[in-house]
1. Compute the semi-axes of the equivalent ellipsoid of segment 140-199, taking the square root of 5 times each eigenvalue of the Cα gyration tensor, and list them largest first in whole Å.
2. Relative to the longest principal axis of the C-alpha atoms of the chain, give the angle of the C-alpha long axis of helix 428-443, reported between 0 and 90° and rounded to the nearest 10°.
3. Just flag the trypsin sites (Lys or Arg not before Pro) in segment 390-475 sitting in loop per DSSP whose Cβ has no more than 10 other Cβ atoms within 10 Å.
4. In percent, how large is the relative contact order of the chain, given Cα pairs closer than 8 Å and 6 or more residues apart?
5. Within a Cβ distance under 11 Å of Pro404, other residues only, what is the Lys/Arg minus Asp/Glu net charge?
6. Could you tally the net charge around Gln416, taking each other residue with its Cβ under 9 Å from the Cβ of Gln416, Lys/Arg +1 and Asp/Glu -1?
7. May I have the extent of the alpha carbons of segment 116-242 along their three principal axes, as whole Å values ordered from largest to smallest?
8. Using modelled backbone amide H atoms (1.01 Å from N, in-plane), which distant-in-sequence or interchain residues come within less than 5 Å of Ala418's amide H?
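The values are calculated or read from the model by the stated rules, or taken from the named source; none is laboratory data. None of these values were measured; they are calculated from a predicted model. Here the Cβ is made from the backbone with ideal geometry for all residues, glycine too, and neighbour counts use every protein chain on show. Accessible surface is based on the protein model in full, side chains and every heavy atom, while ligands, DNA and RNA are left aside. Shrake-Rupley method; radii C 1.70, N 1.55, O 1.52, S 1.80 Å.
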Amino acid sequence: MENKRVAIIGAGISGLLACKYTLEKGFIPVVFEATKEIGGVWTQTIESTRLQSPKRTFEFTDFPWPSSVRGRYPHNTDVLKYIEAYAQHFELLPYIQLNTKVIGIDYVGVSDEEMDSWDFWSGNGKPFGSKGKWHILVQHAEDFTTQDYEVEFLILCVGRYSGLPNIPEFPLGEGPDVFSGTVIHSMEYSAMDNESARELIKGKKIAVIGSQKSAIDIAAECAAANGPGNPCTLVQRTIAWALPSGCFWWGINLGFLYGSRFSELLVHKPGQNIIYSALATLLSPLRWSFSKFVESYLRWNLPLKKYNMVPKQSFLQDMSSCKAFLLPENFYGKVEEGSIILKQTQCFSFYKQGLIIDGEVHELIKADLVIFATGYKGQEKLKNMFASKSFQNYIMGSPKSIVPLYRHIIHPRIPQLAIIGYSGGITNLHTSEMRCQWLAHFLDQTFKLPSIKEMEKEIQMWEIYMKKYAGKEYKRACIAALHIWYNDQLCKDIGCNNRRKKSFYDEWFQPYVQSDYVRLSPTN
């Protein structure tokens, strides 16, 4: 194994975990990071960003938070320091090349025809079964020189939420070109240092476009800077269920409703047997009740009806598509005082002084600055990395499918490559660590993969599940509502016990967290 070279692209949380776990198996990884520091998206956040999940659910299995970090939702500066401390503690920094941008990856040594004839991934279902190798072309930022690397295995940890912004298209004469103000994407705003960001928004009339966490956070930050005198208008097409801080709702822990093994009995699962299927059907009224219970609490706790902010979809649907998020502190207080104005629309366009809502000239929003918090083209960014047209097509799948990955890690038709971070969960740190543990065991040949047809069948089952429970948002590949079931599959592959709790009650009714999955191995 010591002669097998492993490359990792990206030094965010997933990249650091991949580096750490491959090192433990005796490999010598090389990590390429395009920016000047480690930490991924946590190096480019707006000033007010905090964790949107309690820190006990956002923790490395073998590296606890320092006692100096208090509070349930640490600030982004504390999160970044924690990630950096993890890299230092496990001595990962010598394996990371900063300011090194990957500008192309190409799989060589095996023809498309030969790969098409394979029944098993890489020819035999093993990590290094093929004679092919990955060529990685990188560019060093200091002197713009390029260098070519050859490795036997490649791990992509580039993330879905960076790199290629998603900006809506407009008919001629209705887009940003007719606007006299400034238009940016949230990616640009997040990349600014705090002082520059404050200067950009100070004293301006701002419109933020978007419905997810980044849009809400940016609107709250603009409102805090300018107050009712220059209110920030938040323009949303769909409304998601947003959560106040706290874990007990009507006296019940939210983890019991959506983080326990019992809660997953209520959902039809990919690959389930007839008993689980029958239970999910019989318990469907309880599944509905759980969702309505949460929705009733949110309606009671927040002035959703007053501001026309009641989502049309169920809370379960948002959980199943990883759309539910934590509200910034005092968000509706800022709405009450007039610092944030909420607008819901299916279409808008630009005019010289701002935005036109729903094509109605009497619905004008005057603005100096418009910020698109409309997400990223993560699938397209991933596709663009590959030189092979065949691999590009495999990644994109069909217009109606997600990135098709077995165990949400391996593409059945792309050999000697793993992708970490393209399917969300309860927290991305937890899902990434589980996947990196699984991947390290696979690289160490603890197990082999099933046939390509079997892998594609499993991918199809997960897609059916997502379409059923996430609705139109199923393309946001998400395991949040089934993370225990998913982790069970990883544990069974490795050969370890998937029942990780010490008692019957804890096993079925207590939430599963990172500490339940420390150092997975066939003997535990």
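1. 34, 19, 14
2. The angle comes out at about 10 degrees.
3. Sites meeting the loop and neighbour criteria: Lys400.
4. 21 percent
5. With Lys, Arg at +1 and Asp, Glu at -1, the neighbours total -2.
6. 0
7. Projected onto the principal axes, the Cα atoms of segment 116-242 cover 66, 41, 34 Å.
8. The answer is Leu154, Ile155, Leu156.
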